[in-house]
1. Compute the FRET efficiency between B:E115 and A:R65 as 1/(1 + (r/R0)^6), taking r as their Cβ-Cβ distance and R0 = 45 Å, and round to the nearest 0.05.
2. Hey, got the dipole for region B:88-167? About the Cα centre, +1 on K and R Cβ, -1 on D and E Cβ, debye to the nearest 20?
3. For region B:32-155, treating each Cα as an identical point scatterer without solvent, what Debye log10 I(q)/I(0) comes out at q = 0.20, 0.21, 0.23 1/Å?
4. Taking only protein heavy atoms into account and a 1.4 Å probe, give the accessible area per residue of region A:12-75 in Å².
5. Under a 10 Å cutoff between Cα atoms, tell me which one of A:S23, A:S41, A:S76 has the largest fluctuation in the Gaussian network model of chain A.
6. Whole-Å semi-axes of chain B's equivalent ellipsoid, largest first, each the root of 5 times a Cα gyration tensor eigenvalue?
7. With a 1.4 Å probe and all protein chains kept in place, how much accessible area does B:K122 have, in Å² rounded to the nearest 10?
8. Tell me, which residues of region B:52-82 get at least 10 Å² less accessible area when the other protein chains come in, versus the chain alone (1.4 Å probe)?
Amino acid sequence: MCPLCYCQRCITDKAIPRWIESSSHQRGNFAWNIVRAFHLSARCTGCGECDRACPMDIPLSLINRRMAMEAKKSFSYVSGRSLETPTLVGSFNEKDSDELFM
Amino acid sequence: MDEKIISKDDLLKICQDIIGKGHTLLTPGMNEYFPVKDVSQINLDASALPAKTSYKSYVFPRSEPVLYYKRSKDDVQLIDINVDGKNIIILGAKPCDTNSISIMRHLFNWDYSDEFFNLREKHFIIIGLMCSHYDEYCFCTSVGSSPVSEKGSDIFLIPLDENNFALRIITEKGKEFIEPYSEYLKTGDESHSKQVTENVKLPEVAFDSKEVYEWLGNNFESPKWEGIGNLCLSCAQCAFVCPVCHCFDIVDEDYSYSEGRRMKNWDGCQFGNFTLHASGHNPRDIQSKRYRQRVNHKFRYYVDKFGEILCTGCGRCSRGCPVSIDIKEIVSNCKD
Ligand code: SF4
Ligand code: SF4
Ligand code: SF4
Ligand code: SF4
């Protein structure tokens, strides 16, 4: 549903090596959600489709909004403001602040 | 049939006793059947729609280890798992849920007898509750069930008025379960509860399952599948919320080189990887073939193998589908 998800093959479908466990235990679910949060951080356009699609009514967009807040606070980055600015995750630099990581 | 009357207060006293004994008591909420901690959480509302998920995961968990392994240079050691056979009492199960376990039982005892499933099932007591309300997705009446069906219940409840239920004892298991509580039971009169059940509004019969069975046999290559395939996202939500879908995948999770565990995880035929062979070939490479599998498995293959339809008509898959694919509508269109 997500207009920002465009990978031909999702990382969850890759089995060799397996990055995200297919078991829906805490670790598997957590790994999936953390990957999704990072991939959408400062990219999510706030369309709300993920909330609408979730069969269990989990307000997934809250995670994306939180990530947008972090992007603004730590990198003064707001998605969708300019076509010229490189994307946040795409312009990763080793010298970037890592304060937001636990 | 043995029919009794019980007041809501007395029923809750029984529930209190069950929880006090340390058994698990499940009852439907909005999202799921949840373990009751306090009897004030019990609703027993016959007009509620089915919870978003069934209690399938209590007999067939979403993800569970089936064995542990240890690996050394020239040896592999397998460590078996003891299945927990805890008593689980399900109170207020919908008639479109009560028969789910008996439908799945065939599969789990077909070519291999699944001890995990069987032991858990043995410890289930299912107390069904008549259903008094349906929505546009319900079609239990099209698959041989109904909102007043006792099939699969050990005990069946019918609300007589605000404070009283007719309690029908259906199975030996149900009889054994309720016996210690006979002080709470008053003698019932069937004519009373019949009046209630006869007045329940039934969802309209949407299709004739025998005609669907025939059509499916002759229309494997129908262009109808392509239309649905183009819509479907391949998310398998429909399989995960379904009370009778039972596909699973076996995967090994290594903790380290020397140890790990073998997991049995829910899977679904709508996923692209479901039939992907190690060679790279995929016999169900496009979504239309996968959706065709879903309908055929439920309304033809399972009937061929086990004589039952693999669907209770609960409508969950349709309510939750992100692109509004309605299985009732699709199956109703399985005709020329
Ligand atoms: S499918 Fe039938 S039993 Fe289930 S909620 Fe709908 S009307 Fe009630
Ligand atoms: S829930 Fe809907 S979109 Fe998802 S796999 Fe099932 S039919 Fe397709
Ligand atoms: S296929 Fe859909 S309607 Fe039928 S039992 Fe499964 S979830 Fe319910
Ligand atoms: S419909 Fe699909 S997911 Fe459900 S039991 Fe059949 S093959 Fe498995």
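1. The formula returns an efficiency of 0.45 here.
2. Dipole of region B:88-167, to the nearest 20 debye: 160 debye.
3. These q points yield log10 I(q)/I(0) values of -1.21, -1.29, -1.44.
4. I get 63 Å² per residue for this part.
5. A:S23
6. Ellipsoid semi-axes (Å, largest first): 36, 29, 16.
7. Ignoring ligands and nucleic acids, B:K122 comes out at about 140 Å².
8. Residues losing area: B:K52, B:T53, B:R62, B:S63.
The values are calculated or read from the model by the stated rules, or taken from the named source; none is laboratory data. Note that the structure is a prediction, hence the values are computed from the model and not measured. In this analysis, Cβ positions are derived from the backbone assuming ideal geometry, glycine residues included, and neighbour counts consider all displayed protein chains. For accessibility, only protein heavy atoms count, side chains too; no ligands or nucleic acids. Shrake-Rupley method; radii C 1.70, N 1.55, O 1.52, S 1.80 Å.
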